[in-house]
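Right, one structure below, let's go through it.
Any read-out appearing in this document is the output of simple, stated calculations on the displayed coordinates, not a laboratory observation. Bear in mind that the values here come from a model prediction, so they are computed numbers and not experimental data. Please note: Cβ atoms are built from the backbone with ideal geometry, for glycine as well, and neighbour counts cover all protein chains shown.
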Amino acid sequence: MERPLHPFEQPRMLPIADIVQETENVRTFFFAVELHSKPGQFVIMWIPRVDEKPFSIAYDEDGKLGLSIAKVGRFTEKLFEYKKGDLVGIRGPYGSPFTLQEGSKRILLVGGGYGVAPLATLASQALARGITVDFCNGARTKTQLLFMKRLKAMKIHLHIATDDGSEGRKGFVTDVAAELLAKNSYDVVYTCGPELMEQKVVNAASEKNVPCQVSIERYMKCGFGICGACCLDGSGKRMCLEGPVVSGEFARTQSEFGKFHRIASGHKIFFDAR
């Protein structure tokens, strides 16, 4: 595969232009730059003397880049201390994106937590093509639902599910998706979020013989296929290059999909399927 040219091959120091609190633990950090990325691609952010981490792109239009980031560890705890004007390094975009298929008339998007971020952009692009969009947004509770205002402003069919029933339907967003698949005809299903959720969506789509695209998150160090940290067991496919977006058919053949991932040391961490 010929690797495309990227605008930022080395970290470019950019000031934070704005910060928006999206949910109780997610903030969107905006930068006055446009990378012309595609939904599902990611950038790698560098905080000097701390680390580099990959983040999915939530906004990339009208001269601004937005990264919606959850506070979940040492890197993001440091980032959440940053204010407007503070500098961070950005390189990318990297990875394979979600793609809208020619001739699609109706699609189903299923997002969980901050996995909603790339799907919101995909929904906007689908609407611009005249495609009907069913969008399932799920989270544990109402305060963790991402981009509700943004999604409600779109002309989409929005379906909400929370584990505790504080917003929308009580239960799992995968149950809502399965019911929609049983009721409607879709050209493609797209999903991004916790991997156990993704696995259920992929399986539900497969049962209905509907093509599916899924974003598989793995530990990414380099971002361009050199280090091998994000390779899947068995196939050896690099999720920073051949992924993170892959077909549901491919994901179902991967022995680790929905079962485990690896941390920085390479040790396996198994998903809790309870």
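Within a straight-line Cα-Cα reach of under 20 Å, Lys64 can be paired with the following aspartates and glutamates, leaving aside sequence neighbours fewer than 8 residues apart in one chain: Glu9, Asp18, Glu22, Glu34, Asp86.
Charging the Cβ of each Asp and Glu at -1 and of each Lys and Arg at +1, and nothing else, the dipole of the chain about its Cα centre rounds to 220 debye.
Taking Cα centre as origin and charging only the Cβ of basic (Lys, Arg, +1) and acidic (Asp, Glu, -1) residues, the dipole magnitude of region 8-94 rounds to 260 debye.
May I ask you to derive the relative contact order of the chain, considering only C-alpha pairs under 8 Å and at least 6 residues apart, and to give it as an integer percent? It would help to have the intermediate numbers written out before the result.
On the way: 607 pairs, mean separation 43.7, N = 274.
Relative contact order here is 16 percent.
Using Cβ counts within 10 Å as a stand-in for footprinting exposure, how do Met45, Met154 rank, fewest first? Numbers along the way, then the final one.
On the way: Met45 25, Met154 16.
In increasing order of surrounding Cβ atoms, one gets Met154, Met45.
The Cβ shell under 11 Å around Met148 holds other residues with a net charge of +2, Lys and Arg each +1, Asp and Glu each -1.
With the largest listed first and rounded to whole Å, the semi-axes of the equivalent ellipsoid of the chain from the Cα gyration tensor are 27, 22, 19. Of the peptides 133-145, 70-82, 174-186, the ranking by mean beta-carbon count within 10 Å, highest at the top, reads 133-145, 174-186, 70-82.
Around the amide H of Asp163, modelled in the peptide plane, lie the amide H atoms of Ala139, Arg140, Thr141, Gly171, all under 5 Å away and 5 or more residues distant in sequence or on another chain.
Give the percent of DSSP beta bridges with both residues in region 46-141 that are antiparallel, rounded to the nearest 5. Once the DSSP bridges in region 46-141 are tallied, antiparallel ones form about 45 percent. Checking the cross-link pairs Lys105/Lys183; Lys183/Lys208; Lys200/Lys259; Lys53/Lys78; Lys183/Lys259; Lys53/Lys200 against a 19 Å limit on the alpha carbon distance flags Lys183/Lys259; Lys53/Lys200 as lying beyond it.
By the count of other C-beta atoms within 10 Å, a proxy for reagent exposure, Val50, Val202 are ordered fewest to most as Val50, Val202. Here's the list of lysines a cross-link from Lys142 could span, going by alpha-carbon distance under 21 Å and ignoring same-chain residues fewer than 8 apart: Lys71, Lys152, Lys170. Of all DSSP bridge pairs formed entirely within the chain, close to 60 percent run antiparallel.
Of the peptides 33-40, 124-131, the ranking by mean beta-carbon count within 10 Å, highest at the top, reads 33-40, 124-131. Legend note: in the chain, cysteines whose Cβ sits 4.7 Å or more from every other cysteine Cβ are Cys136, Cys192, Cys212, Cys230, Cys231, Cys240.
For region 30-44, the Karplus equation 6.51 cos²θ - 1.76 cosθ + 1.60, evaluated at θ = phi - 60°, returns couplings of 9, 9, 7, 7, 10, 9, 6, 7, 10, x, x, 6, 9, 10, 10 Hz by residue, with Gly and Pro reported as x. Close amide H pairs (under 5 Å, H built 1.01 Å from N) link Val110 with Cys136, Tyr190, Thr191, Cys192, residues at least 5 positions away or on another chain. Fewest-first ordering of Tyr94, Tyr190 by other beta carbons within 10 Å of each residue's beta carbon gives Tyr94, Tyr190.
According to the Kirkwood expression over distinct Cα-Cα pairs, how big is the hydrodynamic radius of region 35-137, in Å? Intermediate values should be presented prior to the final figure.
On the way: mean 1/r = 0.0669 Å⁻¹.
Averaging 1/r across every pair of different Cα atoms and inverting gives 15.0 Å.
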